[in-house]
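Peer 1: Sharing a structure below in structure tokens format, with a few things to ask.
The values are calculated or read from the model by the stated rules, or taken from the named source; none is laboratory data. The shown structure was predicted, so the numbers you read here are calculated from the model rather than taken from an experiment. Methodologically, a virtual Cβ is constructed for each residue, glycine included, from the backbone with ideal geometry; neighbour enumeration extends over all protein chains shown. For accessibility, only protein heavy atoms count, side chains too; no ligands or nucleic acids. Shrake-Rupley method; radii C 1.70, N 1.55, O 1.52, S 1.80 Å.
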Amino acid sequence: MDILFLTSAHNSLSQRLFIELSERGHEIRVCVVTSEKDMIDAVSERAPDMVIAPMLKSAIPSEVSSRCLCLIVHPGIKGDRGPSSLDWAIANNERTWGVSILEAAPEFDAGPIWASHEFRLEAVPPAKSSLYRGPVTEAAVRGVLEAVSRIELGEFKSGAWRPEALSDALSYARGRLRPAMKQLDRAIDWRQDCTAAIIRKVRAADSAPGVLTTLLGTSCFLYGAHAEDCIKGPAGQILAKRNGAICIGTIDGAVWISHLKAKGDPKVNSEACQSAQAGIACDFCYVEFCAVAGVKLPATQVLGPLLRGVPEVPLPVDAPTDHQTFREIVYREEGQVGYLSFDFYNGAMSADQCRRLRDAFLHARSRPTKVIVLLGGKDFWSNGIHLNTIEASADAAEESWRNINAIDDVVYEIINTFSHLVIAGLRGNAGAGGAILALAADHVYAKSGVVLNPHYRSMGELYGSEYWTYLLPRRVGQAKAFELMQSCMPIGAKTACTIGFLDDAFGCDGEIFEAELRDRATRLAQDPCLRVMLQKKHMMRLDDEESKPLACYRAEELERMKANFFGPDRAYHEARRRFVFKGNAPANDTRRALVSQIDVEFGERANKASHPVCNQASLVSRARQTNGVELPDIEKPDSRVKLSGALELRLIKMLRQAMVPFRHDY
């Protein structure tokens, strides 16, 4: 059938349905819509056999539903209606929930029910986004396939089967109409709410809209809640910090909050910026990252200097997992197998996280084991570089450069591991450089239903790195690698196995996948031919190195990335901002506006194409590459420039920070 997707975003659920229906021979056209006009135009352009709305924030107009059958994926049980279904399910501690496939009707969520599938909810609920990507997606796939099959088999057309009217379902179903959940419903009372209640409230709002509260006088939204068993202190007080997260006391313990989003209009960031108030541009600011309003960031980055005096409480990656706490990277061993999980929020990996992951991998490689299993996170294996942190950095181009080099360093170490066999176990979806990261392993397995997006171009024609020009063709061949990169289409686990991207996919849920993965890793570690496999691996790497050194792949990729980051074409920066601000980016880049103000004082800038922020007349130019080390290049000041004492001090501090060598492998 010719099926049209009308969706507010081509998200993980929409992509999974696209894959499942395409694999069954249906022709799918995806239209991301923001208005009724968009929907009407999409149907008018080419009349489909049916419309499916995987995730739609507004009602389908009658002008569309009268032309063809329209089915809506609703994340609620029979009878449930309203825009906050999952929020209420988590907040009300529902024991089971479900997904219903509804026919479009004038009243929102009130159409006939074509299919409904339920699932069990855990006593300690996952975040709403995790629930959506897991049980909700699986139930939605079953429901949509069931509805489509009824049409294909002619059951609906012949009258042998009819969808259930909502009025009939309401006579026995427990679902009901619920209002949109407001911040008043989510509000945390630190003097009354226990740890479990706080976690439930935050997770019911994660990843959107978050729970609004005030921390250290700053209005912000909370995300990423984790229970803490050992640290205790006054309720509502920030007690500790770790890897970007903050620990807040509760009446019966403490809770970690990994991410915050400052409340406010991102267009007026300069009003809260002390440097801007002092007339100092970002070029001369000593702050590496800013708390950009409207951007979800690590909690410590948002609160910044307000956290002075709050102790850092590091935790080794191999510390015992004998209590609840916040941990992004965990290493454990079972016999001759080491397991390294890295559960980064939304799969995004900042430069700092990449450096910590590389250190953790080197630790795992130093252990007397035989196999290393890389588990990624439960929701996402990895999605590559951290676009939000880059957007909030003092210099997005420089931070992009640091981030891509840091993730390249991780890939480099995995490729050059000859003491162990490395397995990548993808429990969740993977995209961009995160999908390529998995290919550095010797064996790549994924949970059935995982969605992969091994491409970069949709982010403003970004070329990509992570040694993809070496790893991807080695797996799928040069022609298929080019096709994957150019098409920018999601692929499912089944297709990934067929083309060689994955070695195998198995397990209908996370527990079954992990159990089978452990069995395979254990058998591999006990295989008497392990030594021969390691020798063969080493010889193949030597042959590849002789044919073309890894350093050449990296240098060529980074040369293209340098043009994306620092060149005159700002497509990547604009695409990144649209992504970070969910399509509602401020008209002007606050940082760029501040730099421009200072440039007026310092004279007309020269050679704008040399860098998206600074130029050749700047007192500090971009660092240059010299024998694999990034060295600061200090140019002669323009004679028209007059520095104040404050600016001189800031400039000196910035130069000292810039003198830290940056590691490269080429």
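Peer 1: Using a 1.4 angstrom probe, figure out how much accessible area region 405-507 has per residue, in square angstrom, rounded to the nearest whole.
Peer 2: Using a 1.4 Å probe on heavy atoms only, each residue of region 405-507 averages 27 Å².
Peer 1: Considering only protein heavy atoms and a probe of 1.4 Å, how much of the accessible area of region 115-187 is carbon and sulfur, as a whole percent?
Peer 2: On the way: 2240 of 4000 Å².
Carbon with sulfur: 56 percent of the solvent-accessible area.
Peer 1: Which residues among region 67-101 fall inside the zone where the amide N is under 16 Å from a point 7 Å beyond the Cα of ALA110, along Cα→Cβ?
Peer 2: Only 79-83 pass the distance filter.
Peer 1: Tell me, what ³J(HN,Hα) does each residue in region 538-545 have, in order and in whole Hz, if you take phi through Karplus 6.51 cos²θ - 1.76 cosθ + 1.60 with θ = phi - 60° and put x for Gly and Pro?
Peer 2: 5, 5, 4, 5, 5, 5, 4, 5
Peer 1: Using a cut-off of 26 Å between alpha-carbon atoms, which lysines can reach LYS78, once sequence neighbours fewer than 8 places away in the same chain are excluded?
Peer 2: Correct list for LYS78: LYS57, LYS128, LYS157, LYS182, LYS201.
Peer 1: What are the ³J(HN,Hα) couplings of region 492-500, residue after residue, when phi is run through the Karplus curve with 6.51, -1.76, 1.60 and θ = phi - 60°? Round to Hz, x for glycine and proline.
Peer 2: The phi angles translate into x, 4, 4, 5, 4, 5, 4, 8, x Hz.
Peer 1: How many nm is it between the label spots at ALA160 and PHE482, if each spot is 7 Å from the Cα in line with the beta carbon?
Peer 2: 4.8
Peer 1: Further, regarding this structure: First compute the accessible area of region 487-566 with a 1.4 Å probe, then give the percent of it belonging to carbon and sulfur atoms.
Peer 2: Details: 2430 of 4460 Å².
It is 55 percent, rounded to a whole number.
Peer 1: If you place +1 on the Cβ of every Lys and Arg and -1 on the Cβ of every Asp and Glu, how big does the dipole about the Cα centre of region 103-214 come out, in debye to the nearest 20? Can you show the working numbers first?
Peer 2: Details: 16 positive and 15 negative charges, 87 e Å.
Dipole of region 103-214, to the nearest 20 debye: 420 debye.
Peer 1: Something else about it: To the nearest 10 Å², what's ASP519's accessible area with a 1.4 Å probe?
Peer 2: 80
Peer 1: Would you mind checking which residues have amide H under 5 Å from ALA254's amide H? H placed 1.01 Å from N; only 5 or more apart, or other chain.
Peer 2: Those lying under 5 Å, H to H, from ALA254 are GLU228.
Peer 1: Under a 1.4 Å probe, what is the accessible area of region 356-396 per residue, stated in Å²?
Peer 2: Here the residues of region 356-396 average 29 Å² of exposed surface.
Peer 1: Hey, another quick one. Which stretch or stretches of region 43-60 have amide N atoms under 20 Å from the point lying 7 Å from GLU27's Cα along the Cα→Cβ direction?
Peer 2: Only 43-53 pass the distance filter.
Peer 1: Sticking with this one: Would you mind getting me the FRET efficiency between ASP49 and ASN584? Use the beta-carbon distance for r and R0 = 35 Å, nearest 0.05.
Peer 2: The calculated FRET efficiency here is 0.55.
Peer 1: Could you state how much accessible area THR34 has, in square angstrom rounded to the nearest 10, with a 1.4 Å probe and all protein chains kept in place?
Peer 2: Estimated to the nearest 10 Å², THR34 gives 120 Å².
Peer 1: Given labels modelled 7 Å from the Cα in the Cβ direction, how far is it in nm from ASP2 to ALA196?
Peer 2: Label at ASP2, label at ALA196, 5.5 nm between them.
Peer 1: Taking the Cα centre of region 345-492 as origin, sum charge times position over the Cβ atoms of Lys and Arg (+1) and Asp and Glu (-1), and report the length of that vector in debye to the nearest 20.
Peer 2: In debye, rounded to 20, region 345-492 gives about 720.
Peer 1: Can you give the FRET efficiency for SER149 and GLU312, using 1/(1 + (r/R0)^6), R0 = 51 Å, r = Cβ-Cβ distance, to the nearest 0.05? Provide the component values of the computation, followed by the final result.
Peer 2: Values: r = 56 Å, r/R0 = 1.09.
According to the calculation, E is roughly 0.35.
Peer 1: Would you list which lysines come within 20 Å of LYS447, measuring only between C-alpha atoms, while excluding same-chain residues fewer than 8 positions from it?
Peer 2: LYS378, LYS494
Peer 1: Follow-up question, since we're still on this one. Step through the residues of region 573-585 one at a time and calculate ³J(HN,Hα) from phi using the Karplus curve (6.51 cos²θ - 1.76 cosθ + 1.60, θ = phi - 60°), rounding each to whole Hz and writing x for Gly and Pro.
Peer 2: My calculation for region 573-585 gives 5, 5, 5, 4, 5, 4, 5, 5, 8, 6, x, 10, 5 Hz in order.
Peer 1: If you don't mind, there's one more thing I want to ask. Under unit Cβ charges (Lys, Arg +1; Asp, Glu -1), what dipole magnitude, rounded to 20 debye, does region 1-82 have relative to its Cα centre?
Peer 2: It works out to roughly 260 debye.
Peer 1: Let me ask you something else. Considering only protein heavy atoms, with the full assembly of protein chains and a 1.4 angstrom probe, order PHE156, PHE18 by accessible area, largest first.
Peer 2: Ranked from most to least accessible, the order is PHE156, PHE18.
Peer 1: Counting only heavy atoms of the protein chains, get the accessible area per residue of region 21-162 (1.4 Å probe) and round it to a whole Å² value. Show your work: numbers first, answer last.
Peer 2: Details: 6260 Å² over 142 residues.
The answer is 44 Å² per residue.
Peer 1: Here's something else I'd like to know. Hey, with R₀ at 45 Å, roughly what FRET efficiency would ALA187 and ILE40 work out to, going by the Cβ-Cβ distance, to 0.05?
Peer 2: Working: r = 40 Å, r/R0 = 0.88.
Using R0 = 45 Å, I get an efficiency of 0.70.
Peer 1: With each label point set 7 Å from Cα along the Cα-Cβ vector, what nm distance links PHE119 and ASP359?
Peer 2: Those two pseudo-labels are separated by 3.6 nm.
Peer 1: Still on this structure: I'd like the distance separating the alpha-carbon centroids of region 219-268 and region 81-147, in whole Å.
Peer 2: When both Cα centres are located, 29 Å separates them.
Peer 1: Please work out how much accessible surface THR96 shows to a 1.4 Å probe, ignoring ligands, DNA and RNA, in Å² rounded to 10.
Peer 2: Accessible area of THR96: about 50 Å².
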